[in-house]
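Let me begin by presenting the structure, written as structure tokens, before commenting on it.
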Amino acid sequence: MTTIVLTGFEPFAGDATNPSGDAVRLLAERWAGPETLVSEVLPVEFAGASARLRALIREHSPDVVLAVGLAGGRTGLTPERVAINLADARIPDNTGDQPLDRPSVADAPAAYFATLPVKAMTAAIAAAGVPASLSHSAGTFVCNHVMFTALHATAGADDIRAGFLHVPYASEDAPDGVSSLPLDDIVRGLAAALRTAIDVREDTPLPGGTLH
Ligand code: PCA
């Protein structure tokens, strides 16, 4: 039996909603298998979110871990290629914690690459008719911390693959003038990305890099 852990996030930074949590809830409602889907909406807390994700991995021994978060201002869905070992928060998290220049995990490597097929996932989102591009930075806030935590917790385990997907604001709730996509498109793109993450083991060598 294949098991998937899929997480989104609660709202943060004064927003009333977070499309990552909403999209994960909707996808979980619509999930028809055949894999077992374990989904959860994580708190936007450095310590709380990483502890909870580690516990989910321990408890369910998933085959695939996909964490999803909001990247306000992005225009499409962006699989993340790399997590860096740095917590440097421009704003406090939802507990008031604001780490500056700290490693996510002490004495761990400087970075991990996602172990999901990020280029194939980007192509699958685009093929579903939803804007997508590959991202080479998940930032230095809670999302990067959670991605780093997932990759550190699964490092060396060939049978657990993990990664992160940032989504833009949902049009239904976006601040004025900020790029967004209808929530239903975000869910459709997320479904395409997750299906590819499950089914594709070797990434596709498509162009996806950036010049700067
Ligand atoms: N986005 C933030 C944290 C939670 C979320 O949805 C981030 O990109 O770090």
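Would you point out the residue of segment 53-62, among those that are more than 14 Å from the ligand (Cβ to nearest atom) and within 16 Å of the chain's Cα centre (by Cα), that is surrounded by the fewest Cβ atoms within 10 Å (Cβ to Cβ)? The selected residue is Arg54.
Applying a threshold of 8 Å to beta carbon distances and a minimum spacing of six or more residues, or different chains, the list of pairs starting in segment 160-171 at a residue that is among the charged types (D, E, K, R) and ending at one that is outside any loop (DSSP other than H, G, I, E, B) reads Arg161/Val64; Arg161/Val65; Arg161/Thr154; Arg161/Ala197.
For beta carbons closer than 7 Å, sequence separation of 6+ or different chains, a first residue in segment 81-102 that is within 16 Å of Ala49 (Cα to Cα) and at pLDDT 95 or above and a second that is of a type in the set (Gly, Ala, Ser) and away from the ligand (no atom under 13 Å from the Cβ), the qualifying pairs are Ala83/Ala111; Asn85/Ala108; Asn85/Ala110; Asn85/Ala111; Asp97/Ala47.
Checking each residue in segment 44-96 for being out of contact with any strand residue (DSSP E or B) (no Cβ under 8 Å at 6 or more places or on another chain) and hydrophobic (A, V, I, L, M, F, W, C) picks out Ala47, Ala51, Ala55, Ala89, Ile91. Contact map, segment 9-33: first residue under 15 Å from Val142 (Cβ atoms), second residue near the ligand (Cβ under 9 Å from one of its atoms) and aromatic (Phe, Trp, Tyr), Cβ cut-off under 8 Å, separation 6 or more or different chains; pairs are Asn18/Phe9; Asn18/Phe12; Ser20/Phe9; Gly21/Phe9. Among the residues of segment 70-88, the ones that are surrounded by fewer than 20 Cβ atoms within 10 Å (Cβ to Cβ), of a type outside the set (Ser, Thr, Tyr) and more than 25 Å from Ala155 (Cα to Cα) come to 3 in all.
Here Leu194 meets each of (1) closer than 15 Å to Pro79 by Cα; (2) in contact with a Gly (Cβ under 9 Å, 6 or more places away or on another chain) with one exception, condition (2). For segment 37-47, a residue qualifies if it is crowded, with 17+ Cβ neighbours inside 10 Å and assigned to a helix (DSSP H, G or I), and exactly one does: Phe46.
Across segment 53-80, the number of residues qualifying as part of a helix (DSSP H, G or I) and out of contact with any helix residue (DSSP H, G or I) (no Cβ under 7 Å at 6 or more places or on another chain) comes to 5. Scanning segment 114-172 for residues that are part of a strand (DSSP E or B), small (Gly, Ala, Ser) and more than 16 Å from the ligand (Cβ to nearest atom) yields a count of 2.
Taking the criterion of being within 9 Å of the ligand (Cβ to nearest atom), within 21 Å of Ala192 (Cβ to Cβ) and out of contact with any helix residue (DSSP H, G or I) (no Cβ under 6 Å at 6 or more places or on another chain), the residues of segment 9-52 that qualify are Asn18, Ser20, Gly21. Within segment 139-147, is there a residue that is farther than 23 Å from Gly209 by Cβ, modelled with pLDDT of 95 or more and among the aromatic types (Phe, Trp, Tyr)? Within segment 139-147 (the criterion being farther than 23 Å from Gly209 by Cβ, modelled with pLDDT of 95 or more and among the aromatic types (Phe, Trp, Tyr)), the answer is yes, since at least one residue qualifies. Taking the residues in segment 124-159 that are of a type in the set (Val, Ile, Thr) and in contact with a strand residue (DSSP E or B) (Cβ under 7 Å, 6 or more places away or on another chain) as candidates, determine which candidate is nearest to Pro11 (Cα to Cα). In this case the residue turns out to be Val146.
The values are calculated or read from the model by the stated rules, or taken from the named source; none is laboratory data. Only a predicted model underlies this, so the values are computations on that prediction, with no experimental measurement involved. Ideal geometry is used to build each Cβ from the backbone, glycine not excepted, and the neighbour counts take in all protein chains shown.
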